[in-house]
1. Given that compact globular proteins tend to follow 2.2 N^0.38 Å, what is the ratio of the alpha-carbon Rg of segment 108-199 to that value?
2. On a full-extension model of 0.36 nm per residue, what is the gain between Glu387 and Gln60, subtracting their alpha-carbon distance, rounded to one decimal in nm?
3. Find the Cα radius of gyration of segment 240-290, compare it with 2.2 N^0.38 Å by division, and give the number to two decimals.
4. Taking each pair of different alpha-carbon atoms in the chain once, compute 1/r for the pair, average those values, and report the inverse of that mean as the Kirkwood hydrodynamic radius in Å to one decimal.
5. I want to make sure I understand the PRE zone here: with the label point 7 angstrom from the Cα of Leu318 toward its beta carbon, which residues in segment 35-65 have backbone N atoms less than 19 Å away?
6. Under 5 Å between amide hydrogens, which residues at least 5 positions from Gly309 or on another chain qualify, with H placed 1.01 Å from N in the peptide plane?
7. How large is the dipole of the chain about the Cα centre if only Lys and Arg carry +1 and Asp and Glu carry -1, each at its Cβ, rounded to the nearest 20 debye?
8. If we count every other residue with Cβ under 15 angstrom of Pro17's Cβ, Lys/Arg +1 and Asp/Glu -1, where does the sum land?
Amino acid sequence: MSSTAGKGVGQGRVILPGATVGILGGGQLGRMMANAGSAMGYRFVALDPTPDAPTGQVAQQIVAAYDDRDAARELAQRADVITYEFENVDAGVAAMLMEESYVPQGSELLYTTQHRLREKRAIEAAGVKVAPYAEVRSVDELCEAVGQFGLPCVLKTATGGYDGKGQWVIRSADEIDEAFETLKRAGVDLVLEQFIRFSKELSVIAARSTQGEIRTFPAAENVHVDNILHLSIVPARIDEALQHEAERLAARIAEGLGAVGLIAVELFLTEDGELLVNELAPRPHNSGHYTMEACRTSQFEQHVRAICGLPLGDTSLLTPVVMVNVLGEHVEPLLDLVAKPDVSAERRGVAPKIHLYGKHEAKHKRKMGHVNVLAANVDEALAWISETNIWRV
């Protein structure tokens, strides 16, 4: 272990390159974090139950369950600072690590964002609006809330759920009983959200360092297919005032919730031009992958800087870009494209930058990588994506 940091809880500590960063989680976010941080001179060790996990291919790995406290203690012994790469880390383990190691992000924000009701109340407490919602504990309460919000509306589990899992869009009164009984089987709290008729989905990645410095990345315009992020378009096709407002709201949330590291703020732009927060993620985010080539500082380098107390990097956009996710069904056609000259890219003057995550099994709808398409304008990037036919499989 490097001598650049001591043990114990503290804020504002500076962890210099040469130190070891421990990551709870060994997926693709940890992998890209380790790649960015290694270039700065940091070492990395991840805790993940999957042998040869994506992060474990580029850093050291402790193979153990996330709630294995002995493994977590080993992580604490081997690392000078600990972070996490996904929010479903056991909050109890994170709290324990705070006693035995340096976890600048703490466990409070993790606890908050693991539960949709706590998250929404925290956002409101920060003075930012969310879509109307109601806690639902019975079918009768669900019926009452549906009557208040109207149809359609969205019933969600308060914990767990991602890429469309753990939710039910209720489109008729006949679905109320089935939706409640189906989601209640998970044994967790339920929340009903008003269905927002939005013109665009946006997100902003904000960074807040242990020194209190805050910087935001340019807003991304996101397109989902089957509840999975498909495209992030930057600059977002909105006016400049809205872009500034989206960044202002993200910075306000980062400050109000006392975030350290990155926090992704997902927003709806309503048809009447209002911005409403949908969800938060206290970590690097899929919709921030565009920053890897398109910004002066990537979200992954920024996260390392933030948790280590270094000055935050410049987030300026260098080039228009469209990030497109590569799912399991897209890997083979993408590899076929890579193996030969890309006539479409040359003709359109775009530069596709391919990132594959090292996952061993290319399952249908599973995120396997992404491509950042750098271009003179986003229309050319979108045209290249359409022409390849990769994403029409």
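1. That works out to 1.05 for segment 108-199.
2. 113.8 nm
3. In units of the globular-protein estimate, segment 240-290 measures up at 1.15.
4. Here the Kirkwood hydrodynamic radius works out to 21.8 Å.
5. 35-41
6. Amide H neighbours of Gly309: Ile15, Thr210.
7. 980 debye
8. +1
The values are calculated or read from the model by the stated rules, or taken from the named source; none is laboratory data. On a predicted model such as this, the values are computed, not experimentally measured, just so you know. Neighbour counts are summed over all protein chains in view; Cβ atoms, including those assigned to glycine, are modelled from backbone coordinates with ideal geometry. Areas reflect the complete protein model, heavy atoms only, side chains present, ligands, DNA and RNA absent. Shrake-Rupley method; radii C 1.70, N 1.55, O 1.52, S 1.80 Å.
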